[in-house]
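*Asks:* Before anything else, here's the structure in question.
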Amino acid sequence: MNIEALKKEIETLKEKNRLLEESLAREQKNSLEKDHLLNQKSRSASMGEMIENIAHQWRQPLNILALVIQDIYIAGQLGTLDADKLEENYSKANNVLQYMSQTIDDFRNFLKESDGIEVFALNDIFQSIEHIMVPSLKAHNISIALPQAEGLHIEGNRNEFLQVILNIIKNAQDAIILNNIKKGAITIAATHRDSKIIISIQDNAGGIATENIDKIFDPYFTTKHKSQGTGIGLYMSKQIIEKNKDSKLSVANTKEGANFTIEVPAK
Ligand SMILES: Nc1ncnc2c1ncn2[C@@H]1O[C@H](COP(=O)(O)OP(=O)(O)OP(=O)(O)O)[C@@H](O)[C@H]1O
Ligand SMILES: [Mg+2]
């Protein structure tokens, strides 16, 4: 082969290489966009649940406020509204309002899209879970045990992490309701082992069918009715956890149900 032919050959190879790189970059961009879209989809899917949760959460405080106002009104009518009674009702109402405003902040923070990476306390996450999820679990008679996670810290995007835990708890709730489990229970544990934090979320809903267990992290895999599941919850959850270094989301069945494990580096 003469020099000219060789040069030409090299040029064609270079061109092929360039095209390949271009198409790779395109693919990468596509897949990023797809993830973003999925993330948004899973967010708006959880909007409905959020509203339902806020409704649950506010029902009792609203009742208390109604009672406080009634109490003041009646005392006023009867002429028995003294300073003590006023003070008592005032502080009761104030506490309730503070609680309501705290829950709204929790929801708002959760819905805010943020890319911020930060170090956060695991206890913080469990407190938000308490505000966001516990009322709806209670309404379904499902008990939940949240761990003490004093001193455990994680680095990452706080909201995304919260979203993962919420997805897993929501799935457990769905499974408990679907399988008619009388004493539905969700148990969350957090331990610090070596340089890792291990969080496990277990339920007693009977577990995941063996033929499905390898598929549940696939996008669009769902066993739920179209109107109830899109099958992106666990796919997104796995992406969120495992895009961080040395982090893993996995599942196994126990005697009683499913056990999801999140493994992340401790900070
Ligand atoms: N705790 C669980 N117990 C039993 N099956 C489960 C549990 N968690 C998940 N699954 C199974 O995994 C499937 C996929 O879950 P995933 O959260 O990805 O989607 P989904 O809940 O069906 O829909 P959505 O997109 O609304 O979350 C579920 O349809 C269900 O079959
Ligand atoms: Mg789900």
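*Asks:* Tell me, what is the percent relative contact order of the chain, built from C-alpha pairs under 8 Å that lie six or more residues apart?
*Replies:* Averaging sequence separation for qualifying contacts and normalising by length gives 16 percent for the chain.
*Asks:* For n ≥ 4 DSSP H runs only, could you compute -39500 (n - 2.57) per run for the chain, divide by its residues and tell me the 222 nm figure to the nearest 500?
*Replies:* Details: 5 runs with 154 residues, N = 267.
Result for the chain: -21000 deg cm²/dmol, rounded to the nearest 500.
*Asks:* Now for a separate question. Which longest uninterrupted range of the chain lacks any GluC sites (Glu not before Pro) assigned by DSSP to a loop state (not H, G, I, E or B) and surrounded by at most 15 other Cβ atoms within 10 Å?
*Replies:* In the chain, the maximal stretch lacking such sites is 1-112.
*Asks:* Let me ask something else about it. Pop out the ³J(HN,Hα) list for the stretch 249-259 in order, Karplus 6.51 cos²θ - 1.76 cosθ + 1.60 with θ = phi - 60°, rounded to Hz; leave Gly and Pro as x.
*Replies:* Coupling constants for the stretch 249-259: 10, 9, 9, 8, 8, 10, 4, 9, x, 8, 10 Hz.
*Asks:* Gain in length, Ala83 to Lys182, computed as 0.36 nm per residue apart minus the alpha-carbon separation, to one decimal in nm?
*Replies:* 30.8 nm
*Asks:* Take the Cα of Ala25, step 7 Å along the line toward its Cβ, and report every residue of the stretch 1-15 whose backbone nitrogen sits under 17 Å from that point.
*Replies:* 14-15
*Asks:* Would you kindly derive the ³J(HN,Hα) couplings of the stretch 98-110 from the backbone phi angles with the Karplus curve 6.51 cos²θ - 1.76 cosθ + 1.60 (θ = phi - 60°), listing them in order in whole Hz, with x for Gly and Pro?
*Replies:* Values per residue, Gly and Pro as x: 4, 4, 5, 6, 5, 5, 4, 4, 4, 5, 4, 4, 5 Hz.
*Asks:* Less than 26 Å apart at the alpha-carbon level, and either on another chain or at least 8 residues along: which lysines does that give for Lys34?
*Replies:* Lys112, Lys170, Lys215, Lys224, Lys226, Lys238, Lys243, Lys245, Lys248
*Asks:* Quick one: which residues, 5+ away or cross-chain, put their amide H under 5 Å from the amide H of Ile197? H built at 1.01 Å from N.
*Replies:* Val264, Ala266
*Asks:* Can I ask one more? Can you tell me the 0 to 90 degree angle between the C-alpha axis of helix 158-178 and the longest principal axis of the chain, rounded to 10?
*Replies:* With rounding to tens, the tilt is 70 degrees.
*Asks:* Placing unit charges on C-beta atoms (Lys and Arg positive, Asp and Glu negative, everything else neutral), compute the dipole magnitude of the chain about its Cα centre in debye, rounded to 20.
*Replies:* 680 debye
*Asks:* A further question follows. Return the sequence-ordered ³J(HN,Hα) values of the stretch 52-57 in whole Hz as given by the Karplus equation 6.51 cos²θ - 1.76 cosθ + 1.60 applied to θ = phi - 60°, using x for Gly and Pro.
*Replies:* 4, 5, 4, 4, 4, 5
*Asks:* Compute the Cα gyration tensor for the stretch 75-178, then decide on rounded, prolate or oblate, letting a ≥ b ≥ c be the square roots of its eigenvalues: rounded whenever a/c is under 1.5, prolate when a/b is larger than b/c in the other cases, and oblate in all that remain.
*Replies:* It comes out prolate by the Cα gyration axes.
*Asks:* Would you kindly calculate the mean projected area, averaged across all directions, of the convex hull enclosing the Cα atoms of the chain, in square nanometres?
*Replies:* Reported value for the Cα convex hull: 22.4 nm².
None of the figures in this text is laboratory data; all of them are computed from the coordinates on show. Bear in mind the structure is a predicted one, so any value in this text is a computation, not a measurement. Methodologically, a virtual Cβ is constructed for each residue, glycine included, from the backbone with ideal geometry; neighbour enumeration extends over all protein chains shown.
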